[in-house]
Amino acid sequence: MSEIAEVKINGQTYELPIITGSEDEKGIDITKLRSLSGAVTLDSGYKNTGSTKSAVTYLDGENGILRYRGYSIEELAGKASFIEVAYLLINGELPNKSQLADFEANITKHTLIHEDMKRFYEAYPSKAHPMGIVASLLCSLSTFYPDSQNPNRTEEEIELTIYRLLAKLPTISAWAYKNFVGHPVVYPKNNLNYEENFLNMMFSLPAEKYKIDPVVADALNKLLILHADHEQNCSASTVRIVGSSHANLYSSISAGVIALWGPLHGGANQAVIEMLEKIHADGTPLENWIAKAKDKDDPFRLMGFGHRVYKNFDPRAKIIKKAADDVLEKLGIEDPLIEIAKELEQVALNDEYFKARNLYPNVDFYSGIIYKALGIPTEMFTVMFALGRLPGWIAQWKEMIENKEPIGRPRQIYVGENERSYVSLEDR
Ligand code: ACO
C-alpha cells in the first residue's frame, strides 16, 4: 500500500504521496503542494530537500556508508582502478574486460588538447590559480567542439563529449600546474595509464627523466576513486541545475568546477594545509585554535571538520587516513603537519563543542597531506579533487538528461518591500 503524508495548513489537510527509496529512505513528494494549497516549502541550503531521485550513489551519513551503484567505497578503493569506477558511475555497471579496454582506448584517443588552447595559458599570469584556468578551459572546450552545444545530441555525440572530458581534464590540469610553476608543458603519453599519464605531465621535465613511483600512482588511484561521486552535493547539484537549462556538458562541468573551488566544499583541502601550516608556524597550543574555532565572533573554523551529511564519521576519511600513513611510510616522509593533524583530531574529538555538533574529520582533512607527500602543490589540491569528481558529475548530468528532468528553478518566500511608488530624485 502506498504511504501518504498529511500536511495541515490553516485547518485544511492535504495528502501528499511518500516516495520510498531502495534503501527504505522516505521522501514526501511535495510537487503538487503549491497547486493544492498555495504554499511552498522553505529549506535554506536544501538541508532537508531531495532534489531528484538518483540511482548513482547511496550515502547514509548517520552510519558512514557510501556506495557507488551499490558497491561500497571500501571495496572499490581497495580493488578497482579509477577508470573502472568512472565506467561504473557513468554506465551503471562494472565493465567486463573488453568494455574496459574499449573505454580506455576511447579516452586515450582524446588526451591531446587543441594547440590553439595552449595560447590561453600564455595569457594567464604565471601564478594564476589552477582552478580558475581549469574551469575556463573546460568551458572553452565547448567552443572547440560546437556540436556539443546542440541540445538534441545523439547518444554517440554525448559519448564522444564524455570521452573528451575524461581524456582532456588531466592534460588541462597538468598544464595549469606547469603554468603555475613556469615550466614548459609536457604532452600526454598514450602508453601510460590514466594516473601515470597525469603524473608524467605534471612532473616530467625536459632536463630530467621522471620515474613514476608505483606507490604514488596507487595512492593517486585511491584518491581519485574516493572523490569520484558524492550524490547531490554543492558541485553535483550545480552541474545538474546548469545542465537542466540544456547548457552543454562542457559548460555544466565547468560550473561544477567553480562550485567545487569554494573553501566550504572542495577548496577545503587547500584550506586544511594552509591552516596546519599556520598552526605550525604559530607554535601556540592547539587548544588556542580549538577555542578560536568555537568562538562565534571569530571567523576561524577548523577546516576539514564537519560535513553536511556525515554526522558520525566520513568513511572516505577513514580510508584516506590509512592511505596517508602508508604513503608517508613508504616514501619515508616525516611531515610535522601530519603530527599536528593527528593531535588536532584527538583534541577536537574529545571536545564537548565538537562532540555535541557531530563534527568529525572529513575526507579533506587527510587528502591534502597525501597530495603534499606526492609533491603536488597546495594550489593544485582542488584540481585533484575535480579530476576525481569528473565521472560523478558526468553520471549525475547524464541521469538528469536521461530522466528528462525539468529546468531547475526553486521558489522563494519574498520578504522585501511591498509595492511602493517611485519617488523622483529631487524628492529623495
Ligand atoms: N569548525 C567549527 N565549528 C563548526 C565547523 C568547523 N569546521 N563546522 C561546523 N561548525 C559548527 C557551526 O558553527 C554550527 O554551530 P552552531 O550550531 O552552534 O551554530 C554547527 O557546527 C553546525 O554547522 P553548520 O555550518 O550549520 O553545518 P553545515 O552542514 O551547514 O556545514 C560544512 C557543513 C560547510 C562542511 C561545515 O562543517 C564547515 O564549514 N566545515 C569546514 C569546511 C570543510 O571542511 N569543508 C569540506 C566539506 S567536505 C567536502 O566538501 C568534500
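Would you pick out the residues in the range 305-332 that are under 24 Å from Ala217 (Cα atoms) and over 20 Å from the mean Cα position of the chain (by Cα)?
Here is the first cut: in the range 305-332, the ones under 24 Å from Ala217 (Cα atoms) are 314-332.
Listed by number, the residues that qualify are Lys322, Asp325, Asp326, Val327, Leu328, Glu329, Lys330, Leu331, Gly332.
Of Lys330, Lys311, Lys321, all but one fail to be closer than 29 Å to Leu76 by Cβ, in contact (Cβ under 8 Å) with a residue 12 or more places away in the chain and within 13 Å of the ligand (Cβ to nearest atom); the exception is Lys311. Considering the range 67-109, the residues that are acidic (Asp, Glu) and closer than 23 Å to Ile320 by Cα include one that is surrounded by the fewest Cβ atoms within 10 Å (Cβ to Cβ), namely Glu75.
Applying the criterion of being within 16 Å of the chain's Cα centre (by Cα) and more than 10 Å from the ligand (Cβ to nearest atom) to the residues of the range 261-304, the residue that is least open to solvent (accessible area, probe 1.4 Å) is Gln270.
Can Tyr366 be described as near the ligand (Cβ under 10 Å from one of its atoms) and under 24 Å from Lys79 (Cβ atoms)?
On the way: near the ligand (Cβ under 10 Å from one of its atoms): no; under 24 Å from Lys79 (Cβ atoms): yes.
No; evaluated as a whole, the condition is false for this residue.
Figure legend. Inter-residue proximity from the range 124-148: first residues under 17 Å from Ile258 (Cβ atoms), second residues among the hydroxyl-bearing types (Ser, Thr, Tyr) and not in a helix (DSSP H, G or I), beta-carbon distance below 7 Å, spacing 6+ or different chains. Indicated pairs: Ile133/Tyr124. Only one of the listed residues (Ala174, Ala135, Ala128, Ala167) is in a loop (DSSP other than H, G, I, E, B) and open to solvent by less than 60 Å² (accessible area, probe 1.4 Å). That residue is Ala128. Only one residue in Ala247, Ala236, Ala228 is open to solvent by less than 10 Å² (accessible area, probe 1.4 Å), modelled with pLDDT of 90 or more, part of a loop (DSSP other than H, G, I, E, B) and assigned by TED's automatic domain parsing to the domain that holds Pro391, so which one is that? Checking each option against the conditions leaves just Ala228.
Annotation note: of Lys168, Lys222, the sole residue that is closer than 29 Å to Ile319 by Cβ and either of a type in the set (S, T, N, Q) or away from the ligand (no atom under 16 Å from the Cβ) (or both) is Lys168. If only residues of the range 343-354 that are of a type outside the set (A, V, I, L, M) and surrounded by 15 or more Cβ atoms within 10 Å (Cβ to Cβ) are counted, the one that is farthest from the ligand (Cβ to nearest atom) is Glu345. The numbered conditions (1) modelled with pLDDT of 90 or more; (2) crowded, with 22+ Cβ neighbours inside 10 Å are all true for Phe365 except (1).
The values are calculated or read from the model by the stated rules, or taken from the named source; none is laboratory data. What you see is a predicted model; the values in this text were computed from it and never measured. Cβ coordinates were reconstructed from backbone atoms using ideal geometry, including for glycine residues, and neighbour counts include every protein chain displayed. Quick note on the areas: whole protein, heavy atoms, side chains included, nothing else; ligands and nucleic acids left out. Shrake-Rupley method; radii C 1.70, N 1.55, O 1.52, S 1.80 Å.
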